[in-house]
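Asks: Once you've had a glance at the structure underneath, I'll fire off some questions.
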Amino acid sequence: MPSLPTLDRVSDHVAVEFRDVEKRYGTKTALAGTSFTVPAGAIAAILGRNGAGKTTAVSIATGQLRADGGEVRVLGRDPRDPALRPRVGVMPQPAGSGAAGVYPAARVNEVIALFASFAAHPLDPGALLERLDLNDVARTPWRRLSGGEQQRVSLALALVGRPELVFLDEPSAGLDLHGRRTMWSLLEQLRAAGVTVVMTTHAMDEAERLADHLVVIERGAVVAEGTVAELAAGGRSLEDVFLDLTGQP
């Protein structure tokens, strides 16, 4: 499969920073003074059980939601700054037809080419189709794709604009073993090319293999942050550490 072109690094500073960020939905607190950083050029995994605040944090970092308190910086800017749009890619959490902003009748090759046309220096759509094993469904409408195929198209759409930073919300959801391995390989290649990746995941094996930096969120607060080696010190598994931190049996 073809390699993706090397991208320029943003710099050696922090790519994403949350400082005492708060977010409420009515009487429910989604983020409670949440603080963490993501180093530039790293793969960072945000871990937490359902409802912990992971997707809310990503939605704030991508400018889809506004924080109620605290400060957020993405590539040194406010996440709602329009100047970030060509520099940031987003793969949303799968939530049914059209979740990636795709018209249900649009064909895979057409929508990837359309998104590429929005970028000044896009990746080659044909290379992405091949790299993500989508050639066989290139002319298939979105609505006829399997869940795993839709996930791979969503990843292609997040990457085709050649972003410096990409947010992936549960990127391996719905993927079979081959699809997961393909995605993991691509994310490792992106990191090698200088792209910062921020991903939410429930999969401990995914976090252990890919992540340079881990952030564990429980009830809207960060309960641990560091490398896999730092969090899973003493020979303990990351899964056991996660269960202890989140209070699960």
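Asks: Could you check, for the range 146-154, whether at least one of its residues is farther than 16 Å from H178 by Cα, in contact (Cβ under 8 Å) with a residue 12 or more places away in the chain, out of contact with any Cys (no Cβ under 9 Å at 6 or more places or on another chain) and not polar (S, T, N, Q)?
Replies: no
Asks: Can I ask one more? Exactly one condition in (1) in contact with a helix residue (DSSP H, G or I) (Cβ under 9 Å, 6 or more places away or on another chain); (2) at pLDDT 95 or above is false for A57; which is it?
Replies: (1)
Asks: List the residue pairs whose Cβ atoms are under 7 Å apart, where the first residue sits in the range 165-189 and is within 21 Å of V58 (Cβ to Cβ), the second is part of a helix (DSSP H, G or I) and among the β-branched types (V, I, T), and the two are 6 or more positions apart or on different chains.
Replies: Close Cβ pairs (under 7 Å, with a partner that is part of a helix (DSSP H, G or I) and among the β-branched types (V, I, T)) amount to F167/V58; D169/T55; D169/V58.
Asks: Something else about it: Just for the range 110-145: of the residues that are touching a residue at least 24 places away in the same chain (Cβ under 8 Å) and among the small types (G, A, S), which one is farthest from R87 (Cα to Cα)?
Replies: Applying the filter and picking the extreme gives A138.
Asks: List every residue pair whose Cβ atoms sit under 7 Å apart, with the two residues 6 or more apart in sequence or on different chains, where the first one lies in the range 56-69 and is touching a residue at least 12 places away in the same chain (Cβ under 8 Å) and the second, anywhere, is in a loop (DSSP other than H, G, I, E, B) and aliphatic (A, V, I, L, M).
Replies: T56/L65; I60/A67
Asks: Follow-up. Residues being over 29 Å from P39 (Cα atoms) and hydroxyl-bearing (S, T, Y): count how many of those fall in the range 133-186.
Replies: Total satisfying the criteria: 2.
Asks: Say we look at the range 156-196 and pick out the residues that are basic (K, R) and within 17 Å of A15 (Cα to Cα); which of these is nearest to the chain's Cα centre (by Cα)?
Replies: The qualifying residue nearest to the chain's Cα centre (by Cα) is R191.
Asks: Tell me which of these A45 doesn't satisfy, since it passes every other one: (1) under 29 Å from D240 (Cα atoms); (2) in contact (Cβ under 8 Å) with a residue 12 or more places away in the chain; (3) surrounded by fewer than 19 Cβ atoms within 10 Å (Cβ to Cβ).
Replies: Every condition holds for A45 apart from (3).
Asks: Next question, about the same structure. Name the residue, out of V72, V16, that is of a type outside the set (K, R), buried (at least 19 other Cβ atoms within 10 Å of the Cβ), closer than 26 Å to L186 by Cα and at pLDDT 95 or above.
Replies: V16
The values are calculated or read from the model by the stated rules, or taken from the named source; none is laboratory data. These figures come from a predicted structure and were not determined experimentally. We place every Cβ from the backbone using ideal geometry, glycine too, and count neighbours over all the protein chains shown.
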